[in-house]
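Below is one structure, written out as structure tokens, with a few remarks after it.
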Amino acid sequence: MASVWAKSAVNLHTLTVFFFFLICLPSGGGQKKKENLLSEKVDQMMEWSSRRSVVRMNGDKFRRFVKAPPRNYSVIVMFTALQPQRQCSVCRQANEEYQVLANSWRYSSAFSNKLFFTVVDYDEGADVFQQLNMNSAPTFMHFPAKGKPKRADTFDLQRIGFASEQLAKWIADRTDVQIRVFRPPNYSGTIALALLVSLVGGLLYLRRNNLEFIYNKTGWAMAALCVVFAMTSGQMWNHIRGPPYAHKNPQNGQVSYIHGSSQAQFVAESHIILLLNAAITMGMVLLNEAATSKGDVGKRRIICLVGLGLVVFFFSFLLSIFRSKYHGYPYR
């Protein structure tokens with residue numbers, strides 16, 4: 001009887017060990033397969049990045065290397081429409097800044113396989129745009145190493161602009177990867193300044209015997225007005241934030257020159273505001289001229305009407321733009 005119980009105990013132990021290996025073997029094999037797949041994906045992304053800082057992707061590559069697990073690296077994706085028939089000037093400008101940022105990361109000492117820069121063009125991955133319900137370009141998204149993208153993983157291009165420095169700051173917030181932006185040398189500003197100084201110096205030298213024009217009040221007033229128009233139109237904001245010139249909807253091709261939010265603007269919008277302010281100022285100057293001059297009454301009346309027309313028309317236009325940006329402002 002004791003031998004029967006002993007044999008039963010041995011058989012039970014053998015079955016337990018067998019089932020244990022039967023359960024654990026597939027799990028270990030699956031884990032190894034997962035690690036091999038991840039290693040292949042990382043190696044492939046590193047190979048592409050060694051050839052080009054921004055990896056171009058179609059629908060299949062996007063789903064395999066960006067969307068599908070396993071993935072232990074973050075991916076920055078620029079969704080754009082760079083083909084000439086799309087006529088997306090903003091996409092080209094944003095792409096230039098994106099290339100500067102990607103090159104800064106690729107050739108930095110901190111470069112690693114934890115972050116990759118990719119691009120999906122609408123004509124190469126229209127199915128990706130449909131899958132993500134995306135109806136505008138350019139758009140920047142961050143796909144984290146773990147989990148799905150959140151709302152903050154979509155870059156607020158309309159409010160912040162697409163300058164490389166702003167993109168680098170956003171990436172640092174999302175991934176803790178610090179990227180120092182290195183721009184290629186651009187000597188156009190230095191050359192333009194040197195030409196301007198040479199031109200002014202040459203003019204002063206030629207007119208060295210007659211420098212009364214330096215004391216011309218009208219000339220200094222015009223120069224001061226130009227500075228005022230540039231500052232009040234938002235040129236300094238454009239220089240700091242680097243917004244797009246305009247926005248073109250890729251669905252219907254409609255171009256917007258006025259930003260719909262009070263927190264942002266387009267470069268074209270600042271140009272429009274500058275021209276409106278200049279026209280209003282011209283109208284005020286004409287009104288002042290009609291009131292203070294002592295010429296013919298009929299001529300003064302015409303000048304007064306022209307000045308009044310400029311002020312009324314362009315100031316009304318300026319108010320309409322203000323109303324379109326500040327929707328809750330209580331006035332008519």
What angle, in degrees between 0 and 90 and rounded to the nearest 10, separates the Cα long axis of helix 297-325 from the longest principal axis of the Cα atoms of the chain? 10 degrees
Which loop chymotrypsin sites (Phe, Trp or Tyr not before Pro) in the stretch 251-332, with loop taken from DSSP, have no more than 10 other Cβ atoms within 10 angstrom of their Cβ? 331
Based on a Kirkwood Rh over C-alpha pairs, give the Stokes-Einstein translational diffusion coefficient of the stretch 64-176 at 25 °C and viscosity 0.890 mPa s in µm²/s. 169 µm²/s
Using only Cα atoms, locate the centre of the stretch 115-148 and the centre of the stretch 279-315, then give the distance between them in Å, rounded to an integer. 55 Å
Could you report the chain's accessible area per residue, 1.4 Å probe, as an integer in Å²? 65 Å²
Relative contact order, percent, the stretch 174-332 [alpha-carbon distance under 8 Å, six or more residues apart]: 16 percent
What length, rounded to one decimal in nm, is gained on full extension from residue 203 through to residue 326, with 0.36 nm per residue of separation minus their alpha-carbon distance? 39.6 nm
Under 17 Å between alpha carbons - lysine pairs in the stretch 31-175 that sit 8 or more apart or on different chains: 15
For Cα Rg over 2.2 N^0.38 Å the list reads (1) 1.04; (2) 1.61; (3) 1.09; the calculated value is entry (2)
Counting only DSSP beta bridges with both residues in the chain, what percent are antiparallel, rounded to the nearest 5? 45 percent
Report, to the nearest whole %, how much of the accessible area of the chain belongs to carbon and sulfur atoms, 1.4 Å probe, protein only. 61 percent
To the nearest 10 square angstrom, how much accessible area does residue 52 have with a 1.4 angstrom probe? 130 Å²
With +1 assigned to the C-beta of every Lys and Arg and -1 to the C-beta of every Asp and Glu, and no other charges, what is the dipole magnitude of the chain about the Cα centre in debye, to the nearest 20? 360 debye
I'd like the Kirkwood hydrodynamic radius of the stretch 231-332, using the inverse of the mean 1/r over distinct C-alpha pairs, in Å. 15.7 Å
In what sequence, largest accessible area first, do 294, 33 appear using a 1.4 Å probe? 294, 33
In degrees, nearest 10, range 0 to 90: what is the angle between the Cα axis of helix 217-232 and the longest Cα principal axis of the chain? 20 degrees
Hey, what number do you get for the chain at 222 nm if only DSSP H runs of n ≥ 4 count, each worth -39500 (n - 2.57), divided across all residues, to the nearest 500? -19500 deg cm²/dmol
Helix 188-206 sits at what angle to the longest principal axis of the chain, using alpha carbons and giving 0 to 90 degrees rounded to 10? 20 degrees
Those trypsin sites (Lys or Arg not before Pro) in the stretch 84-173 that DSSP places in a loop and that have at most 14 other beta carbons within 10 Å: 114, 146, 150
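The values are calculated or read from the model by the stated rules, or taken from the named source; none is laboratory data. All figures in this text were calculated on a predicted structure; none of them were measured in a lab. With ideal geometry, Cβ positions are generated from the backbone for all residues, glycine too; neighbour counts draw on all protein chains shown. Surface accessibility is based on the protein's heavy atoms, side chains included, excluding ligands, DNA and RNA. Shrake-Rupley method; radii C 1.70, N 1.55, O 1.52, S 1.80 Å.
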